[in-house]
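Trainee: Sending over a structure as structure tokens; questions will come in a sec.
The values are calculated or read from the model by the stated rules, or taken from the named source; none is laboratory data. What you see is a predicted model; the values in this text were computed from it and never measured. FYI the Cβ positions are ideal-geometry reconstructions off the backbone, even for glycines, and counts take in every protein chain you see. Surface accessibility is based on the protein's heavy atoms, side chains included, excluding ligands, DNA and RNA. Shrake-Rupley method; radii C 1.70, N 1.55, O 1.52, S 1.80 Å.
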Amino acid sequence: MSHSILAAAAGQMGTGEKVFFWIFGPLALIGAIGMVWARNAVHSALFLVLTMLSLGVFYVLQAGPFIGMVQIIVYTGAIMMLFLFVLMLVGRDSSDALIETLRGQRTAAILIGLGFAGLVCTAIARAMGSVSAKGLDAANQANGGNVQGIAALLFTKYVFAFEVTSALLITAAVGAMILAHVERRRENRLSQVDLMKARFAPGNYPGPKPGPGVYATSDSVATPALLPDGTFADRSVSKILPTRELSGAESAPKGTER
Amino acid sequence: MKYLAQDPTLANFGHDVWWLVLIKVVAVFALLLVLTLFTIMYERKVVARMAVRPGPNQVGPNGWLQSLMDGMKLPFKEEIIPITADKVVYFLAPVIAGTCAFITFAVIPFGPMVSIFGHRTPLQLTDVPVAVLVILAATSMSVYGIVLSGWASGSTYPLLGGLRSSAQMISYEVAMGLSIVAVFMTAGTMSTSGIVHAQAGGAQANWDIFGWHPQAPSWYAIVTLPSFVIYAISAVGETNRAPFDLPEAESELVGGYLTEYSSFKFAMFYLAEYIAMINVSAVGATLFLGGWRVPWPLSLIDHGVLNHSWFGLIWFLGKVLIFLFGFIWLRATLPRLRYDQFMRLGWKVLLPANLVWILILAGIKTTQRTPTGNTRWFVIAGVVVVALIAVFLWPEKKGPEAPSTEQLEEQLAQLPEGSFPLPPLDLQVPPSPRLQRLTGQREPATVGGGTDEKEN
């Protein structure tokens, strides 16, 4: 890695840089296309991770090691991880529905996407056309290094924009928390004393419920325990378990005894 | 002649011949594998010693080859892949975990400039201006291995274990990253060799008995002590080790995220876990304990001759082993935390404490830089004002008052008939009626057969 950084810092396009570009360029593209095409949401997120990782490598190749690492730590490591976190909880088999709910949605999306891409490209081309590039060497040497240069700009010239952005992000995070978080009212919450009183009130047995039955023929949680008089102990089986009996095929010997 | 260790600078990196790079890569890889095998045995031996039992003592001399044998057996075990598993991701997860574990050691300095087959080269695979960020990036990527293994197994316990583990690693990575900030601020660089160089104060001490010049301590473990404490705690959380080993809480989650893994894939996770422990130890030794530099009293010998060339490797490995001993000691002594306590510690204690400490350190640095200007007084005034505000506005702790005996008796009288029996309110346990009966029935023991004693 340091090879290519030094080569790039010297203002040349080294062989290492070319090799890395032709490895990671296609990977980034595959990731981007795969992200759109993957049916499974988690696979889609993983493709996006691949693209972001490749972008991080590109930044490093462009002699911006700090921004490259931040790209990997913040975007790939933190933000995509949170995405994945939510997606994993959604369920494994929930794939995208391919039915268009809005008519002409796909055509409109393609048109708007192309238009936006054109807009961005022309804007960048017009903005960069008149700029005479100084080169990275001069910019880096002004403050004694790439990291120091970024720090100097971030905390002097752009400090206000930086702080405003962070305030915006914090506001968004707090807002999301307020929307999602349901605080139970303090007065509605049962205290430990109340819970204890309810537990020892007459009519409630304070001890634990009996466990399920464990017999030579069955030790499943669905097997009720037997009371001394031979009847089932109702509370020994959880209410949510469906009552179930083995079919003839299931109770037949499995052929493992041979 | 002065044997001053020649510190590598960033300019020294990236000029190695290809075979030298290859040698370094293979050496680092082999070192990590051997260290992993050693650490497993180290842990089992030390824990056994603390539990006063022999520990593994059958395979090899004193049982030291047990982990090697276990490691050789693991890949030959049957590989079981659950039907519900997502095959590709299930395969990918251990690969990610294993790969990311190895990256960290690429930027860890083992020693100063040495000579290998006639080439002057730093005893370090590579270094970049943002080397510590590379380490952080590798740890943040290794979370993917755990999360994906939990999800791809297609089973509930691994999913829960994976979620727990990733939440834990993300939270403690924040604390860890912030604790390193103080080191950056003090060292003024993010490259690992640069940070080791910045801690070199003791090595160049003016060794003179008559005109003693006491040197300020140079290790960041002392200079930035709060950061070191936070780093040590969050390193334990980051590596999922006891007492923070919630992802593999076997009483709650079976085996955590690797429940469904077997054979070679399981071995990869096992390897990754131990390498992660070695990684945080190595990073801790590099950032806070002076890296490969010889510790203080020894550094005074002959102008730091013990820092010279390959000696560095000894000190570095020694520091790593001391760090690892801390991990093992914790595991042998402390019980596991509850999940909410653990998260509260991370977000509500370590994080704010870290931010306040960074603020204080920034204040100190600013006053040091401008010893005469007004800035110093501004900083001191600011500290005083903040301290006063904190003292005055600190919320008083109001706990619920304990009810008096009268209140309790009143409550007792209100209990409906047939309530569960309650213990006496004065907490004086009355003598059990059964106990009295037993003592009444018991005959006095016959001692010696003499009649006098019987009547006593």
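Trainee: Taking the criterion of being out of contact with any Pro (no Cβ under 8 Å at 6 or more places or on another chain), under 30 Å from B:Ala402 (Cα atoms), acidic (Asp, Glu) and open to solvent by 80 Å² or more (accessible area, probe 1.4 Å), would at least one residue in the stretch A:183-200 satisfy it? Don't jump to the end; show me each part of the working.
Mentor: Residues of the stretch A:183-200 that are out of contact with any Pro (no Cβ under 8 Å at 6 or more places or on another chain), as a first pass: A:183-198.
Now narrow it down to the ones that are under 30 Å from B:Ala402 (Cα atoms): A:183-198.
If we keep only those that are acidic (Asp, Glu) too, we end up with A:183, A:187, A:194.
Checking the rest, the ones that are also open to solvent by 80 Å² or more (accessible area, probe 1.4 Å) come to A:183, A:187.
There is at least one residue in the stretch A:183-200 that is out of contact with any Pro (no Cβ under 8 Å at 6 or more places or on another chain), under 30 Å from B:Ala402 (Cα atoms), acidic (Asp, Glu) and open to solvent by 80 Å² or more (accessible area, probe 1.4 Å).
Trainee: Here's a follow-up. Taking the residues in the stretch B:111-133 that are more than 12 Å from chain A (Cβ to nearest Cβ) and in contact with a strand residue (DSSP E or B) (Cβ under 7 Å, 6 or more places away or on another chain) as candidates, determine which candidate is surrounded by the fewest Cβ atoms within 10 Å (Cβ to Cβ).
Mentor: Going through the stretch B:111-133, the residues more than 12 Å from chain A (Cβ to nearest Cβ) turn out to be B:111-121, B:123.
From the residues that got through so far, the ones that are in contact with a strand residue (DSSP E or B) (Cβ under 7 Å, 6 or more places away or on another chain) too are B:111-114, B:120-121, B:123.
Details: B:Gly111: 24, B:Pro112: 26, B:Met113: 17, B:Val114: 21, B:Arg120: 12, B:Thr121: 20, B:Leu123: 21.
In this case the residue turns out to be B:Arg120.
Trainee: Scan the stretch B:183-196 and give yes if some residue there is over 25 Å from B:Ile360 (Cα atoms) and modelled with pLDDT under 85, otherwise no.
Mentor: From the stretch B:183-196, those over 25 Å from B:Ile360 (Cα atoms) are B:193; that's our starting set.
Add one more test, that the residue is modelled with pLDDT under 85, and what stays is none.
Looking through the stretch B:183-196, none of the residues is over 25 Å from B:Ile360 (Cα atoms) and modelled with pLDDT under 85.
Trainee: Take the residues in the stretch B:211-239 that are open to solvent by 10 Å² or more (accessible area, probe 1.4 Å) and of a type in the set (S, T, N, Q), then tell me which one is modelled with the highest pLDDT.
Mentor: Among residues in the stretch B:211-239 that are open to solvent by 10 Å² or more (accessible area, probe 1.4 Å) and of a type in the set (S, T, N, Q), the one modelled with the highest pLDDT is B:Ser218.
Trainee: Can you name the residue in the stretch A:129-170 that is hydroxyl-bearing (Ser, Thr, Tyr) and assigned to a helix (DSSP H, G or I) and is also farthest from the other protein chains (Cβ to nearest Cβ) among such residues? Give the steps one after another, and end with the answer.
Mentor: Filtering the stretch A:129-170 for residues hydroxyl-bearing (Ser, Thr, Tyr) gives A:130, A:132, A:156, A:158, A:165-166.
In the following step, the residues that additionally are assigned to a helix (DSSP H, G or I) were identified as A:156, A:165-166.
On the way: A:Thr156: 15, A:Thr165: 19, A:Ser166: 13 Å.
Within the stretch A:129-170, the match that is farthest from the other protein chains (Cβ to nearest Cβ) is A:Thr165.
Trainee: Just to verify a result, which residue in the stretch A:33-54, among those that are touching a residue at least 24 places away in the same chain (Cβ under 8 Å) and surrounded by fewer than 18 Cβ atoms within 10 Å (Cβ to Cβ), is farthest from the other protein chains (Cβ to nearest Cβ)?
Mentor: Among residues in the stretch A:33-54 that are touching a residue at least 24 places away in the same chain (Cβ under 8 Å) and surrounded by fewer than 18 Cβ atoms within 10 Å (Cβ to Cβ), the one farthest from the other protein chains (Cβ to nearest Cβ) is A:Arg39.
Trainee: Something else about it: Taking the stretch B:161-187 as the search range and keeping residues that are over 17 Å from the mean Cα position of the chain (by Cα) and within 9 Å of chain A (Cβ to nearest Cβ), which one is surrounded by the most Cβ atoms within 10 Å (Cβ to Cβ)? Quick ask: steps written out before the conclusion?
Mentor: The initial filter retains those residues of the stretch B:161-187 that are over 17 Å from the mean Cα position of the chain (by Cα), namely B:161-164, B:181-187.
With within 9 Å of chain A (Cβ to nearest Cβ) added as a condition, the list becomes B:162-163.
On the way: B:Gly162: 29, B:Leu163: 19.
In this case the residue turns out to be B:Gly162.
Trainee: A further question on this structure: Can you confirm whether the stretch A:204-218 contains a residue that is under 44 Å from the mean Cα position of the chain (by Cα) and part of a helix (DSSP H, G or I)? Even if it seems obvious, please write down each step before you answer.
Mentor: First pass over the stretch A:204-218, keeping only residues under 44 Å from the mean Cα position of the chain (by Cα): A:206-214, A:218.
Okay, now just the ones that are also part of a helix (DSSP H, G or I), so none.
No, the stretch A:204-218 contains no residue that is under 44 Å from the mean Cα position of the chain (by Cα) and part of a helix (DSSP H, G or I).
Trainee: Further question on the same structure: Is it true that B:Pro94 is more than 14 Å from chain A (Cβ to nearest Cβ) and under 22 Å from B:Met41 (Cβ atoms)? Outline the logic, then answer.
Mentor: Values: more than 14 Å from chain A (Cβ to nearest Cβ): yes; under 22 Å from B:Met41 (Cβ atoms): no.
Answer is no for this residue.
Trainee: Taking B:Thr84 as the residue in question, decide whether it is within 17 Å of B:Leu31 (Cβ to Cβ), more than 25 Å from the chain's Cα centre (by Cα) and either at pLDDT below 85 or within 12 Å of chain A (Cβ to nearest Cβ) (or both). Walk me through how you get there before you give the answer.
Mentor: Values: within 17 Å of B:Leu31 (Cβ to Cβ): no; more than 25 Å from the chain's Cα centre (by Cα): yes; either at pLDDT below 85 or within 12 Å of chain A (Cβ to nearest Cβ) (or both): yes.
For B:Thr84, the condition - within 17 Å of B:Leu31 (Cβ to Cβ), more than 25 Å from the chain's Cα centre (by Cα) and either at pLDDT below 85 or within 12 Å of chain A (Cβ to nearest Cβ) (or both) - is not met.
Trainee: Among the residues of the stretch B:97-110, write down those that are out of contact with any strand residue (DSSP E or B) (no Cβ under 8 Å at 6 or more places or on another chain), more than 10 Å from every other protein chain (Cβ to nearest Cβ) and in contact (Cβ under 8 Å) with a residue 12 or more places away in the chain.
Mentor: Residues of the stretch B:97-110 out of contact with any strand residue (DSSP E or B) (no Cβ under 8 Å at 6 or more places or on another chain): B:97-108.
If we keep only those that are more than 10 Å from every other protein chain (Cβ to nearest Cβ) too, we end up with B:97-105, B:108.
Within the stretch B:97-110, B:Ala97, B:Gly98, B:Cys100, B:Ala101, B:Phe102, B:Ile103, B:Thr104, B:Phe105, B:Ile108 qualify.
Trainee: While we're on this one: How many residues, within the stretch A:243-253, are open to solvent by 90 Å² or more (accessible area, probe 1.4 Å) and modelled with pLDDT of 70 or more? Break it down stepwise before answering.
Mentor: So in the stretch A:243-253, the residues open to solvent by 90 Å² or more (accessible area, probe 1.4 Å) come out as A:243-246, A:253.
With modelled with pLDDT of 70 or more added as a condition, the list becomes A:253.
Final tally of qualifying residues: 1.
Trainee: Related question: Can you tell me how many residues within the stretch B:64-99 are farther than 18 Å from B:Tyr274 by Cβ and touching a Gly at 6+ places or on another chain (Cβ under 9 Å)? Please lay out each step first, then the result.
Mentor: As a first pass, look at the stretch B:64-99 and keep what is farther than 18 Å from B:Tyr274 by Cβ: B:76-92.
Narrowing further to those that are touching a Gly at 6+ places or on another chain (Cβ under 9 Å): B:82-86, B:90, B:92.
Final tally of qualifying residues: 7.
Trainee: Would you confirm, using the coordinates I've provided, whether B:Leu136 is closer than 25 Å to B:Leu246 by Cα and facing chain A (nearest Cβ under 10 Å)? Give the derivation first.
Mentor: Details: closer than 25 Å to B:Leu246 by Cα: yes; facing chain A (nearest Cβ under 10 Å): yes.
Yes: the conditions hold for B:Leu136.
Trainee: With the condition kept exactly as written, say whether any residue in the stretch B:24-38 is open to solvent by 10 Å² or more (accessible area, probe 1.4 Å), more than 14 Å from chain A (Cβ to nearest Cβ), closer than 30 Å to A:Ala63 by Cα and in contact (Cβ under 8 Å) with a residue 40 or more places away in the chain. Walk me through it before giving the result.
Mentor: Let us first name the residues in the stretch B:24-38 that are open to solvent by 10 Å² or more (accessible area, probe 1.4 Å), namely B:24-31, B:33-35, B:37-38.
If we keep only those that are more than 14 Å from chain A (Cβ to nearest Cβ) as well, we get B:26-31, B:33-35, B:37-38.
Next cut, closer than 30 Å to A:Ala63 by Cα only: B:26-29.
Filter once more, keeping what is in contact (Cβ under 8 Å) with a residue 40 or more places away in the chain: B:28-29.
Yes, because at least one residue in the stretch B:24-38 is open to solvent by 10 Å² or more (accessible area, probe 1.4 Å), more than 14 Å from chain A (Cβ to nearest Cβ), closer than 30 Å to A:Ala63 by Cα and in contact (Cβ under 8 Å) with a residue 40 or more places away in the chain.
Trainee: Count, please, the residues in the stretch B:37-69 that happen to be more than 23 Å from B:Trp329 (Cβ to Cβ) and not small (Gly, Ala, Ser). Don't jump to the end; show me each part of the working.
Mentor: Going through the stretch B:37-69, the residues more than 23 Å from B:Trp329 (Cβ to Cβ) turn out to be B:58-61, B:65, B:68-69.
Subsequent filtering for residues that are not small (Gly, Ala, Ser) retains B:58-59, B:61, B:65, B:68-69.
Residues flagged as more than 23 Å from B:Trp329 (Cβ to Cβ) and not small (Gly, Ala, Ser) within the stretch B:37-69 amount to 6.
Trainee: In addition: Quick one: is A:Met80 surrounded by fewer than 10 Cβ atoms within 10 Å (Cβ to Cβ) and at pLDDT 85 or above?
Mentor: no
Trainee: May I ask you to list the residues in the stretch A:124-145 that are open to solvent by 60 Å² or more (accessible area, probe 1.4 Å), farther than 15 Å from A:Gln62 by Cα and either among the aliphatic types (A, V, I, L, M) or touching a helix residue (DSSP H, G or I) at 6+ places or on another chain (Cβ under 6 Å) (or both)?
Mentor: Listed by number, the residues that qualify are A:Ile124, A:Ala125, A:Met128, A:Val131, A:Ala142, A:Asn143.
Trainee: Would a scan of the stretch B:297-313 turn up a residue that is modelled with pLDDT of 85 or more, over 17 Å from the mean Cα position of the chain (by Cα), of a type outside the set (S, T, N, Q) and surrounded by fewer than 21 Cβ atoms within 10 Å (Cβ to Cβ)? Quick ask: steps written out before the conclusion?
Mentor: Of all residues in the stretch B:297-313, those modelled with pLDDT of 85 or more come to B:313.
Now restrict to residues that are over 17 Å from the mean Cα position of the chain (by Cα): B:313.
So of that shortlist, the ones also of a type outside the set (S, T, N, Q) come out as B:313.
Then drop every residue that is not surrounded by fewer than 21 Cβ atoms within 10 Å (Cβ to Cβ), which leaves B:313.
Yes, because at least one residue in the stretch B:297-313 is modelled with pLDDT of 85 or more, over 17 Å from the mean Cα position of the chain (by Cα), of a type outside the set (S, T, N, Q) and surrounded by fewer than 21 Cβ atoms within 10 Å (Cβ to Cβ).
Trainee: Further question on the same structure: Here is a list: B:Ser140, B:Ser153, B:Ser67. Which entry is within 23 Å of the chain's Cα centre (by Cα), surrounded by 15 or more Cβ atoms within 10 Å (Cβ to Cβ) and over 30 Å from B:Ser179 (Cα atoms)? Don't jump to the end; show me each part of the working.
Mentor: Numbers: B:Ser140 fails: over 30 Å from B:Ser179 (Cα atoms); B:Ser153 fails: within 23 Å of the chain's Cα centre (by Cα).
Going through B:Ser140, B:Ser153, B:Ser67 in turn, the sole match is B:Ser67.
Trainee: Can I ask one more? Based on what the data block shows, is B:Leu20 open to solvent by less than 60 Å² (accessible area, probe 1.4 Å), in contact with a strand residue (DSSP E or B) (Cβ under 7 Å, 6 or more places away or on another chain) and part of a helix (DSSP H, G or I)?
Mentor: Values: open to solvent by less than 60 Å² (accessible area, probe 1.4 Å): yes; in contact with a strand residue (DSSP E or B) (Cβ under 7 Å, 6 or more places away or on another chain): yes; part of a helix (DSSP H, G or I): yes.
So B:Leu20 fits the description; yes.
Trainee: Condition first: open to solvent by 60 Å² or more (accessible area, probe 1.4 Å), within 30 Å of A:Asn40 (Cα to Cα) and touching a residue at least 60 places away in the same chain (Cβ under 8 Å). Can you find one or more residues in the stretch B:47-61 that meet it? Lay out the reasoning, then the answer.
Mentor: Within the stretch B:47-61, the first condition is being open to solvent by 60 Å² or more (accessible area, probe 1.4 Å), and the residues that meet it are B:49-50, B:52-54, B:57-58, B:61.
Remaining after also requiring within 30 Å of A:Asn40 (Cα to Cα): none.
Within the stretch B:47-61, none of the residues are open to solvent by 60 Å² or more (accessible area, probe 1.4 Å), within 30 Å of A:Asn40 (Cα to Cα) and touching a residue at least 60 places away in the same chain (Cβ under 8 Å).
Trainee: From the residues in the stretch B:400-427 that are modelled with pLDDT under 75 and more than 13 Å from every other protein chain (Cβ to nearest Cβ), which one is most open to solvent (accessible area, probe 1.4 Å)?
Mentor: If we take residues in the stretch B:400-427 being modelled with pLDDT under 75 and more than 13 Å from every other protein chain (Cβ to nearest Cβ), then B:Leu427 is most open to solvent (accessible area, probe 1.4 Å).
Trainee: Picking from B:Leu246, B:Leu271, which residue would you name as being in contact with a Lys or Arg (Cβ under 6 Å, 6 or more places away or on another chain) and surrounded by fewer than 24 Cβ atoms within 10 Å (Cβ to Cβ)?
Mentor: Numbers: B:Leu271 fails: in contact with a Lys or Arg (Cβ under 6 Å, 6 or more places away or on another chain).
Unique residue meeting the criteria: B:Leu246.
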